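A short worksheet on the structure shown next.
The values are calculated or read from the model by the stated rules, or taken from the named source; none is laboratory data. This structure is a prediction, so every number in the text was calculated from the model and none was measured. Here the Cβ positions follow ideal geometry from the backbone for every residue, glycine too, while neighbour counts run over all protein chains shown. SASA here: full protein model, heavy atoms, side chains in, ligands and nucleic acids out. Shrake-Rupley method; radii C 1.70, N 1.55, O 1.52, S 1.80 Å.
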Amino acid sequence: RKKVTVTRLAQMRAEGEKIAVLTAYDATFAAFADAAGVDCVLVGDSLGMVCQGRSSTVSVTLEEMRYHTQCVAQGLERHASSALLIADLPYGSFHQSREQAFASAVVLMQAGAQMIKLEGGGWTVEIVAFLTERGIPVCAHLGLTPQTVAALGGYKVQGRLPEEARQMKTDALALEAAGASLLVLEMVPAELASSITQELKTCATIGIGAGSGTAGQVLVMHDMLGMNLGRMAKFVRNFMDGATSIEGAFAAYVAAVKEGSFPDDKQHAW
Ligand code: KIV
Ligand code: NA
C-alpha cells in the first residue's frame, strides 16, 4: 500500500474515495489499524477518557499527547505502515497565541505526527494559517468540540438552529481558506455535514455522528470494538459483531466506510 500523504487525501476527496480514520493510542493497535487499511490514525485526546478514565478530554496535557504520539509513531514506523498520523493539540496548548500553538504543534510533529488537529472555529483561523504557512498540515474540528463541553452544556448535536448552521459553514470555509487539509465534523445533522462537504473545494470532511455525506469517517477505536464503560453513543457501530478478531473488526470498518455502508440510518447522533 502506498503512503497516505496530504496529496493522497486530496486526491481521495476529489475522486470520492471515502477516507477511513480510526483513533489509536499505542504501537500495537496502531499497526493493526494500518494493516487493516485505515487511511489515517488519529492520536485523539479522547485518550483522556479511554486510557486515563477521565470523564472529559479537558485534563489531557501536551506531554501526554507527545508520549502517545511517539508510541503510535514507533508502531507505525516499525511495521512500514502507510497510514497518516494525526495528533490532537490538547486543551490549553494552542489557546494563548499563534506562537504557543506552533510550539505545541512542533512537539507533536517531532514525536512523529504528520498532521495536527485542533478544535474550534473563529479565533482558530489565524492559528491554522500560522501553522499551515509554516509547513504543518492541519485538521480542523467543528460541531461538538469535546474540549469545550462545559461551555456547550453537554455532549449534544450542534448546528441544529439555522444561525448555528450558518456559523458552522462560515467557520468551515474560513478554516479551509486558512489551509486546513481535513475537517472533523462531530455530532452535526447529516444535511448540514453534507452541505459543508459540498461547499468546501479542497478540505475533506471527516464525520463522526454526522451522517454518511462526509468525505470520510472517524471513530474512537475502543467504541467500535464495543468497549465502552459508560453508555455507547448512538452513532457508534460495534464492528466486533460478526468479526473473529480485532484485525477483522478494523477491516470490516474500513470496508464499511469505503463502500458507504457505515454510517447507516441507525448510526446517527440525533
Ligand atoms: O479525540 C478524538 O478521538 C477525536 C475524534 C473523535 C475526532 O477528536
Ligand atoms: Na479529540
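What to note about this one:
- Meets criteria (surrounded by 22 or more Cβ atoms within 10 Å (Cβ to Cβ) and more than 16 Å from ligand 2 (Cβ to nearest atom)) for L89: no
- Within the range 204-238, the residues that satisfy the criterion of being within 15 Å of ligand 1 (Cβ to nearest atom) and closer than 16 Å to M12 by Cβ are A204, T205, I206, G207, T214, A215, G216, Q217, V218.
- Per-region count, the range 172-192, residues touching a Gly at 6+ places or on another chain (Cβ under 9 Å) and either within 20 Å of A10 (Cα to Cα) or within 16 Å of ligand 1 (Cβ to nearest atom) (or both): 9
- Evaluation of F32 against (1) touching a residue at least 60 places away in the same chain (Cβ under 8 Å); (2) within 13 Å of ligand 1 (Cβ to nearest atom) (one fails), failing number: (2)
- Scanning the range 208-216 turns up at least one residue that is at pLDDT 95 or above, more than 12 Å from the chain's Cα centre (by Cα), polar (S, T, N, Q) and open to solvent by less than 30 Å² (accessible area, probe 1.4 Å).
- The residues of the range 26-48 that are crowded, with 24+ Cβ neighbours inside 10 Å and either part of a helix (DSSP H, G or I) or among the aromatic types (F, W, Y) (or both), listed by number, are A30, A33, D34, L47, G48.
- Residue match in the range 62-70 (condition: in contact with a Pro (Cβ under 9 Å, 6 or more places away or on another chain), free of Cβ contacts under 8 Å to residues at least 40 places away in the same chain and within 16 Å of ligand 2 (Cβ to nearest atom)): yes
- In the range 1-18, the residues that are in contact (Cβ under 8 Å) with a residue 12 or more places away in the chain reach residues that are assigned to a loop (DSSP other than H, G, I, E, B) with C-beta atoms within less than 6 angstrom, at least six apart or across chains, in these pairs: R1/S82; K3/S82; V4/D39; V4/S82; V4/A83; V6/P137; V6/S181; R13/A215.
- Among the criteria (1) within 16 Å of ligand 2 (Cβ to nearest atom); (2) outside any helix (DSSP H, G or I), the one E17 does not fulfil is (1).
- Restricting attention to the range 113-152, the residues being within 16 Å of ligand 2 (Cβ to nearest atom), open to solvent by 40 Å² or more (accessible area, probe 1.4 Å) and not aliphatic (A, V, I, L, M) number 1.
- Tallying residues that are under 15 Å from the mean Cα position of the chain (by Cα), under 15 Å from I116 (Cα atoms) and away from ligand 1 (no atom under 14 Å from the Cβ) within the range 5-29 yields 2.
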